[in-house]
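Structure, as C-alpha cells:
The values are calculated or read from the model by the stated rules, or taken from the named source; none is laboratory data. On a predicted model such as this, the values are computed, not experimentally measured, just so you know. Note that we place each Cβ from the backbone using ideal geometry, even for glycine, and neighbour counts take in every protein chain shown.
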Amino acid sequence: MSTKSSIEVDDPNVEWGDPNRFRGASVAGKDGEYTRFAYTESSVPPPTPIGDTVPPKDPNNKYAWTMDPPQGDPEKGIWVWQSIQTVYSDKSTSGWSEPFRLTGADGKDGNDGNDIEFVYKITQNNSAPTLPANSNRDDYTEPANGWYDNPQGVSETWQYEWVAQRTKPAAKAGTGNWGNWQGPTLWSKWGEKGMDGDGYEYIYYRTQAENIAPDTPVAANNTDDEARP
C-alpha cells in the first residue's frame, strides 16, 4: 500500500521518479568503542594508573584516582591530572595513558582591548544618511535623528538600514576617548518577493521482498486523499 505526503498535482506532465527504499528489516547494531577518563590531584606527575576497574588504581597505592575531576589547590601547587583509557567494541581495553596536567597557576590579567560601538538607522531610499554627532559618551544614540543601538529591521516602506561604528583605544572602564563615527554602510535591504520554487511529492509502497523495488508509478493528476493500492 502507498501513501502520499502531498495529494494535489497541478501539472499533468509530472513524472514519478524511480522508487527508493525507505525502510527495511531491523538489524541489530554492534557496540562501538568509547573512552574512559580518570583524574587525580598532585603537585608532581603521578605514575600511570593500572587495571580495568573504574576508577583505576595507583600502582604504589599513593594516589587516589576518581572518575570526576577533583578541585586541586592552585595556591598550594596541587594540580589536577587526567589519564585516558579506550574500551573497544569487544570489551577489551587499552592501557591507561600517561597522566597529563589539566590545571595550572593563574595567569596575569591581560591588557584591555579596544571598545567598539555600532548605531543603526533606517531610510526609505538608497542614500546614506548623515552620521550621528561625535560624542565621548558611552552607548551614544540619537533617537531624534533615527540612530539606535540595535537594528530596527527593514520593511516595505523603510527598505534600507545603515550602520555606523566608532572605536575607543584600549583603556580602563570609564576612561579613554571615543573616535569619530565611521560609515555609514548599508546593513540590510528589503527584498522583493521571489518566484515560487519547484514542488515535490512523495508516496510510499510496502513490499514483502527486501531487495526488490516496486515499479515506478505512472503520472496522474490525482487529488484523491486515500492511499492507492
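Okay, here's what the table says:
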{"item": "Qualifying residue in segment 164-183 (condition: under 12 Å from Tyr120 (Cβ atoms), at pLDDT 90 or above and among the β-branched types (Val, Ile, Thr))", "result": "no"}
{"item": "Single residue of segment 188-212 satisfying the filter (hydroxyl-bearing (Ser, Thr, Tyr) and either assigned to a loop (DSSP other than H, G, I, E, B) or modelled with pLDDT under 80 (or both)) that is nearest to Ser135 (Cα to Cα)", "result": "Tyr200"}
{"item": "Answer from Ala144, Ala128 - the residue that is out of contact with any Cys (no Cβ under 6 Å at 6 or more places or on another chain), surrounded by fewer than 13 Cβ atoms within 10 Å (Cβ to Cβ), outside any strand (DSSP E or B) and not basic (Lys, Arg)", "result": "Ala144"}
{"item": "Residue selected from segment 52-89 under the condition part of a loop (DSSP other than H, G, I, E, B) and without any contact (Cβ under 8 Å) to a residue 12 or more places away in the chain, by the criterion farthest from Gly107 (Cα to Cα)", "result": "Thr53"}
{"item": "Answer residue from segment 96-151, given it is under 33 Å from the mean Cα position of the chain (by Cα) and basic (Lys, Arg) and is nearest to Val163 (Cα to Cα) among those", "result": "Lys121"}
{"item": "Tyr120 vs. criteria part of a strand (DSSP E or B) and not hydrophobic (A, V, I, L, M, F, W, C)", "result": "yes"}
{"item": "Test: Pro70 is surrounded by 11 or more Cβ atoms within 10 Å (Cβ to Cβ), more than 11 Å from Pro99 (Cβ to Cβ) and out of contact with any Cys (no Cβ under 9 Å at 6 or more places or on another chain)", "result": "yes"}
{"item": "The one condition in (1) surrounded by fewer than 10 Cβ atoms within 10 Å (Cβ to Cβ); (2) within 31 Å of the chain's Cα centre (by Cα); (3) not in a loop (DSSP other than H, G, I, E, B) that Thr185 fails to fulfil", "result": "(1)"}
{"item": "Some residue of segment 94-110 being outside any loop (DSSP other than H, G, I, E, B), surrounded by fewer than 17 Cβ atoms within 10 Å (Cβ to Cβ) and of a type outside the set (Val, Ile, Thr)", "result": "yes"}
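Listed here are the residues, each with its yes/no results for (1) polar (S, T, N, Q); (2) closer than 30 Å to Ser155 by Cα; (3) in contact with a strand residue (DSSP E or B) (Cβ under 6 Å, 6 or more places away or on another chain).
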| residue | (1), (2), (3) |
| --- | --- |
| Pro55 | no, no, yes |
| Pro59 | no, no, yes |
| Trp65 | no, no, yes |
| Pro69 | no, no, yes |
| Val87 | no, no, yes |
| Ser94 | yes, no, yes |
| Asp115 | no, no, yes |
| Lys121 | no, yes, yes |
| Ser127 | yes, yes, no |
